[in-house]
Amino acid sequence: MARTKWGVSWLSRKRPDHPPLVFVDRIQNAMRIVALDICGEKAGLKRGQGLAEARAMRPGIEIIAADPAADKGLLTSLADWCDRYTPLVAMDGANGLYLDISGCVHLHGSEKSLLTDILSRLFRLGIEARGAISSSAGLSWAMARYRPGEIIGHQEAEQALSPLPLAALRLPLETIETLARVGLKTVGDLIHLPRAPLARRFGPSVLLRLDQALGFEDEPLLPRLPVASLSAERRLASPIQDEDDILGLTLQLAKSLRQSLEEREEGGRLFELVLFRVDGKVFRIRAATSAASKNPERIAALYRERLQAIHDDLDAGYGFEILRLSVLKTERYVAIQEDLSGKSDQARSLSAFADRVLARFGPESLSMLVLQESHVPERATAFAPIADIAELAVQQRLDRPVVAAPPSVRPLRLFRHPERVDAIATELPEGAPASFKWRKILYQVARAEGPERIAGEWWIDGEDALTRDYFRIEDADGRRFWLFRDGLYGQTVASPQWFLHGIFA
């Protein structure tokens, strides 16, 4: 766990002979110090102190307005940077981070070398940080603030906590002041007291925070990003900048993931390529597939399209030193045996094409028709972005023998909105018109089939939804139309109206 001072240390380092530097913000209708540098601490200033009092103590202090949004953005960037050590990074308020390094220590030699590497790298980035390692989040929080640089084992927790002030337990200020009034000022003063009277008098939070620091009460961390089910990483001795080098390493990482996916009988649906730049900037590039895949060449081709799509936004700077490919979402992968023609699953070639188009032009660039729960023709289908080619294959029955369908009675071209026509000499009460005028042209009806009656959807259009009678009409020149009468004679007060809804080939 690390405690940091954002812009303070960076500004202080640029001017070694500067006066005390403080950041102030309005808190409870008063300007108070929210951050300060080491010179300010040595001068007796402290966080939460009023600005007027601080000026009285040190008239020459330099004051800068706090920017909480910028601080949050920098903390988020720092959390991304910490992913190089562990994927389990959690936020600790506005000025700290928790890193769960379980299972990651052996990659850096020892806990001491890991902590030293983190703090030294942050120092070179211009950030003053304090950190500690222990067996619990509460103990690490306390050590980082009051005994930074320590590595405390579980058996040493009580001894390390005892001399620390009660603020090391993350208790509210009011509780700390109440405990101080009865002579309890350090953590050691609380450890051996009877627990029941302590909880009755000061509330259960005191015992909860004490047990969390001692490791008796579990305190799970909430990672800020979902943890990948599979990951492969490459740390480079020499940073790379060229796009072809990035793609070459991505292919190698994808090949290393293939065996794990095969053992699980799964394929990846969502991948993430994380690029760690040498100056601390982190780029996360996600690529989704429309069907489960474990083919390394296909994954690399997917990222070739993604890198070309974001080419202007990917600033390699002085190069990337770490590349990590993660599988964020997986699905069961069903192997398809090729038939005698040498073809296997028709959907997978379609999926590969769709993935490359979507990776280059975005998720809204390809759409497909999906069935809707409606019997009204213009509502029966709708366009939706392609998300799952496997599901589309099931819907279209691509994995089953194709049976010849009867000739369609619906037109190939259906208008988005039916167009009004003027019907002439209609055969009452339910017959087709003898002629009709559409777009100022008169058409003579030679043949007519129908009606096909479709009731209105009262749950959408209300109780006044009209019934439609559809007719397949052919004019004297052989052109075929799909017309309907909106409403029945006697169902509406006015005469029913006629509309052209589609054209047959």
> What are the residue pairs meeting all of these: first residue in the range 26-41, first residue part of a helix (DSSP H, G or I), second residue of a type in the set (Val, Ile, Thr) and modelled with pLDDT of 85 or more, Cβ atoms under 6 Å, and 6 or more apart or on different chains?
Replying inline: GLY40/VAL22
>> Given the criterion more than 37 Å from the chain's Cα centre (by Cα) and surrounded by fewer than 15 Cβ atoms within 10 Å (Cβ to Cβ), identify the matching residue among ALA56, ALA70, ALA94, ALA43.
In response: ALA56
>> Being closer than 30 Å to LYS112 by Cα, surrounded by 18 or more Cβ atoms within 10 Å (Cβ to Cβ) and among the small types (Gly, Ala, Ser): is that true of SER135 here?
In response: no
> Is it the case that TRP81 is of a type in the set (A, V, I, L, M, F, W, C) and closer than 30 Å to PHE283 by Cβ?
Replying inline: yes
> So which pairs qualify, if the first residue must be in the range 152-181 and within 15 Å of LEU193 (Cβ to Cβ), the second must be in a loop (DSSP other than H, G, I, E, B) and of a type in the set (Lys, Arg), the Cβ gap must be under 9 Å, and the two must be at least 6 apart or on different chains?
Replying inline: LEU166/LYS185; LEU179/LYS185
> Has the range 266-282 got any residue that is in a strand (DSSP E or B) and among the acidic types (Asp, Glu)?
Replying inline: yes
> Hey, does the range 181-192 have a residue that's more than 30 Å from CYS82 (Cβ to Cβ) and crowded, with 18+ Cβ neighbours inside 10 Å?
Replying inline: yes
>> Can you confirm whether TYR98 is over 14 Å from LEU21 (Cβ atoms), part of a strand (DSSP E or B) and of a type in the set (Ser, Thr, Tyr)?
In response: yes
>> I'd like the full set of residues that are touching a helix residue (DSSP H, G or I) at 6+ places or on another chain (Cβ under 8 Å) and either polar (S, T, N, Q) or modelled with pLDDT of 70 or more (or both), limited to the range 380-414.
In response: ILE386, ARG410, LEU414
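The values are calculated or read from the model by the stated rules, or taken from the named source; none is laboratory data. If you're wondering where the values come from, they're calculated on a predicted model, not measured in any experiment. Heads up, the Cβs are rebuilt from the backbone with ideal geometry, glycines too, and the neighbour counts pull from every protein chain shown.
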